[in-house]
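Everything below concerns the one structure shown next.
Only the coordinates and a few stated rules stand behind these numbers; no lab work does. Just so it is clear, the model here is predicted, and its values are computed rather than measured. When we count neighbours, we look across all protein chains shown, and the Cβ atoms used for this are built from the backbone with ideal geometry, even at glycine.
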Amino acid sequence: MSKTAMSTHAPTITPTALADWGNAYLQVKLFKDYSPNGLQVDANTPIRRLVTGVSATQNLIEQAIEHQADAILVHHGYFWKGEPEPLVGIKGTRIRTLLQNNLSLLAYHLPLDAHPEIGNNAVLAKQLGLTIIGGLYPDETHPVGNITSCPAQSITAFIHNVTKVLQRPPLHIGAGNSTITKVGLCTGGAQDMIAQAAKMGCDLYLSGEISERTTHIARELGIDYLACGHHATEMGGIQALGQLIESIHGIPVTFIDDPNPA
């Protein structure tokens, strides 16, 4: 069935209206981000079907076309600070494909990391059985990194649980903590918050990526570190946001995973 053949009685929402709702719900004005949040590419087509994903890759776009979607909602969109502005190469191909197929693109970065209910950190903490007790930086009113507590358990048991939840073993940098009760957490590429996690008395810090320096910092500050994958740690928030949109606005939402080992 083509897009135009879909029932005119099915729920729809315009790209602008969906972005307005998302901007308000995620309180985007409270964040100084590295890319624009909200509507990034407007195909000016009513949204009857929405596809969500972690990153707006060409593969995700092609799959959204196959699903006859009218819009894509992601965590990692386009127009990052410092990147070349011309719409050429990979970026040009992606945006051309969106517009030629009447696909809008919406993206939410830091606001989706930080949301206390459906954010990446909140969802991952819940999946791991962790209780958020504050921000990694206590003075932040909308922290993008959190401190969590958990029942006392061995580092081995904690890693086993992480592996089960994320369906991949994390890279563990050990610092000698045999029992875990206080965990710093920030999804994605937040490995450099490890020093703050140590300052806040965490036994372990968990993020997505690792740098060469991370290993030495962990060992020298006495805090264990788990690099769990940027993509893997940021799948939860976008799925939770999609489910919320479907329940509130009535449009079908499909999450499509474009796997990434990093």
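Just a few scattered comments:
- Highest mean first, the peptides 144-151, 173-180 sorted by other C-beta atoms within 10 Å per residue fall in the order 144-151, 173-180.
- Listed from fewest to most Cβ neighbours within 10 Å, the set Thr52, Thr12, Thr187 follows the order Thr12, Thr52, Thr187.
- Neighbour-limited loop hits for trypsin sites (Lys or Arg not before Pro), segment 164-212 (at most 16 other Cβ within 10 Å; DSSP other than H, G, I, E, B): none
- For Ile47, residues with placed amide H under 5 Å, excluding near neighbours: Ile13, Thr14
- Lysine pairs with alpha-carbon atoms under 29 Å apart, the chain, spacing 8 or more or separate chains: 16
- Positive contributions from Lys and Arg (+1) and negative ones from Asp and Glu (-1), summed over other residues with Cβ under 14 Å from the Cβ of Tyr205, come out at -1.
- With an a/c value under 1.5 for the gyration tensor axes a ≥ b ≥ c computed over the alpha-carbon atoms, segment 115-231 is described as rounded.
- Long-range HN-HN contacts of Leu73 with modeled amide H, under 5 Å: Val51, Thr52, Gly53, Leu106
- In order along segment 159-168, the Karplus-derived 3J(HN,Hα) couplings, from 6.51 cos²θ - 1.76 cosθ + 1.60 at θ = phi - 60°, round to 5, 4, 5, 4, 4, 5, 5, 8, 6, 6 Hz, and Gly and Pro are given as x.
- Normalising the average separation of contacting C-alpha pairs (under 8 angstrom, six or more residues apart) by the number of residues puts the relative contact order of the chain at 20 percent.
- Ellipticity at 222 nm from helices only: DSSP H runs of n ≥ 4 in the chain, each -39500 (n - 2.57), divided by the residue count, give -10000 deg cm²/dmol.
- The angle between the Cα long axis of helix 15-25 and the longest principal axis of the Cα atoms of the chain comes to about 30 degrees, rounded to the nearest 10.
- Segment 3-109 shape via C-alpha gyration tensor axes, a/c threshold 1.5: oblate
- Other residues lying with their Cβ under 9 Å from the Cβ of Ser104 contribute a combined charge of -2, Lys and Arg counting +1, Asp and Glu -1.
- Rounded Å value of the spacing that divides the Cα centres of segment 108-165 and segment 210-243: 10 Å
- Cut-off 13 Å between beta-carbons: net charge of the residues surrounding Gly89, Lys and Arg +1, Asp and Glu -1: +1
- For Thr181, distant residues with modelled amide H under 5 Å away: Asp203
- Relative contact order, percent, segment 111-262 [alpha-carbon distance under 8 Å, six or more residues apart]: 22 percent
- Using the Karplus relation 6.51 cos²θ - 1.76 cosθ + 1.60 with θ = phi - 60°, the per-residue 3J(HN,Hα) values for segment 192-203 come to 6, 7, 4, 5, 5, 4, 5, 4, 8, x, 6, 6 Hz, with x marking Gly and Pro.
- Per the Debye calculation on the chain with a single equal scatterer at every Cα and no solvent contribution, log₁₀ I(q)/I(0) for q = 0.07, 0.15, 0.16 Å⁻¹ amounts to -0.26, -1.04, -1.14.
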